[in-house]
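Structure first, then comments.
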Amino acid sequence: MAPSNQVDHGEPEAGGRIGLRRRFTAPGVHPYDQVPWERRDSRITNYRDGTVAFEQRDVEVPVAWSLNATNILAQKYFRGIPGTPERETSLRQVADRVVDAIAGWGVKDGYFVDADEASAFADELKYLIVTQRAAFNSPVWFNIGAKGRKQQASACFILSVDDTMDSILNWYVEEGTIFKGGSGAGVNLSRIRSSKEHLRGGGTASGPVSFMRGADASAGTIKSGGATRRAAKMVILNIDHPDIED
């Protein structure tokens, strides 16, 4: 939409409001009615042999959305088991699920002074989504408003690991839990002694690189957020660590 379609209803009123005013929507006009919609088939093929890797027919999206955006929405972010009545089939359902949950929390926690302000917030956010002016990170689409899922919305977590087996194994557990929720994790392993150091009981330490490989293999087996993508992770080793060349 061109900027000329913006609706400005003046400065926000005083008296406790969060400063929200409508820019793209108007009271009494649903944001979904401001854009044209169509139904199309979502299909992703394997580039190697042309076989169909994913397919969902009759997906509803705005006309302006590309096929690539449609495929990402249908494959990654629709909730519900494919082929069942509970499966989402429209961007409207996804936007409603996410935005209504967020707006509901805002009402519960007192962010809005009245129902009109809460409605304005929800309408504006839905308009931003359907017109692709803004998009949430993947954990929001995976989890927010979805039944039976923890309402976890953060995309990345920074963890810490000490030079003990308990801490290292706890890191594995924490990362697995984070990946299950659809998020990624980063950690600096420079506190772990190098593989060149001797142990009190004899032998030498495993070193951080060996633990990196184990964590990497674990991440490769977990579908992030239950979707068809693998977990994202970052591992740091300081340049002055003895195992940096490994």
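For Ser206, indicate whether it is of a type outside the set (A, V, I, L, M, F, W, C) and within 31 Å of the chain's Cα centre (by Cα). Here the answer is no, as Ser206 does not meet what is asked. Of everything in segment 52-65 that is of a type in the set (A, V, I, L, M) and assigned to a strand (DSSP E or B), the residue that is farthest from Ile129 (Cα to Cα) is Val52. Of the helices (runs of 4 or more DSSP H) entirely within segment 72-151, those holding at least 1 residues that are within 24 Å of Ala185 (Cα to Cα) occupy 91-108, 138-143. Checking Asp162, Asp166 one by one, the residue that is loosely packed, with under 14 Cβ neighbours inside 10 Å and free of Cβ contacts under 8 Å to residues at least 12 places away in the same chain is Asp166 and no other. Across segment 1-47, the qualifying residues are those that are among the hydrophobic types (A, V, I, L, M, F, W, C) and modelled with pLDDT of 50 or more, and the one among them that is farthest from Lys126 (Cα to Cα) is Ile44. Only one of the numbered conditions (1) buried (at least 19 other Cβ atoms within 10 Å of the Cβ); (2) under 22 Å from Val29 (Cα atoms); (3) without any contact (Cβ under 8 Å) to a residue 24 or more places away in the chain is not met by Ala118, and that is (1).
Among the residues making up segment 39-51, those that are more than 20 Å from Arg87 (Cα to Cα) and either assigned to a strand (DSSP E or B) or not aromatic (Phe, Trp, Tyr) (or both) are Thr45, Asn46, Arg48, Asp49, Gly50, Thr51. Count of segment 127-168 residues, restricted to those that are over 9 Å from the mean Cα position of the chain (by Cα) and either among the basic types (Lys, Arg) or farther than 23 Å from Gln93 by Cβ (or both), is 17. Within segment 63-80, the set of residues being in contact (Cβ under 8 Å) with a residue 24 or more places away in the chain and among the hydrophobic types (A, V, I, L, M, F, W, C) comprises Val63, Ala64, Trp65, Leu67, Ala69, Leu73, Ala74. The listed residues are Glu124, Glu86, and the only one of them that is over 15 Å from the mean Cα position of the chain (by Cα), of a type outside the set (Gly, Ala, Ser) and surrounded by 16 or more Cβ atoms within 10 Å (Cβ to Cβ) turns out to be Glu124.
For Asn68, the criteria (1) within 21 Å of the chain's Cα centre (by Cα); (2) assigned to a loop (DSSP other than H, G, I, E, B); (3) farther than 27 Å from Lys147 by Cβ hold in every case but one, which is (2).
Selection of segment 125-144 for residues being farther than 17 Å from Val29 by Cβ, polar (S, T, N, Q) and modelled with pLDDT of 95 or more yields only Gln132. Restricting Gly181, Gly201, Gly186 to those that are in contact (Cβ under 8 Å) with a residue 40 or more places away in the chain and either under 19 Å from Gly80 (Cα atoms) or surrounded by fewer than 13 Cβ atoms within 10 Å (Cβ to Cβ) (or both) reduces the list to Gly181. Between a residue in segment 215-226 that is farther than 25 Å from Arg79 by Cβ and hydrophobic (A, V, I, L, M, F, W, C) and any residue that is outside any strand (DSSP E or B) and modelled with pLDDT of 80 or more, which pairs come within a Cβ distance under 7 Å, given they are 6 or more apart or on different chains? As it stands, the answer is Ala215/Tyr172; Ala215/Glu175, since those pairs meet every condition given.
The values are calculated or read from the model by the stated rules, or taken from the named source; none is laboratory data. Everything numeric in this text was worked out from a predicted model, so none of it was measured. Here the Cβ is made from the backbone with ideal geometry for all residues, glycine too, and neighbour counts use every protein chain on show.
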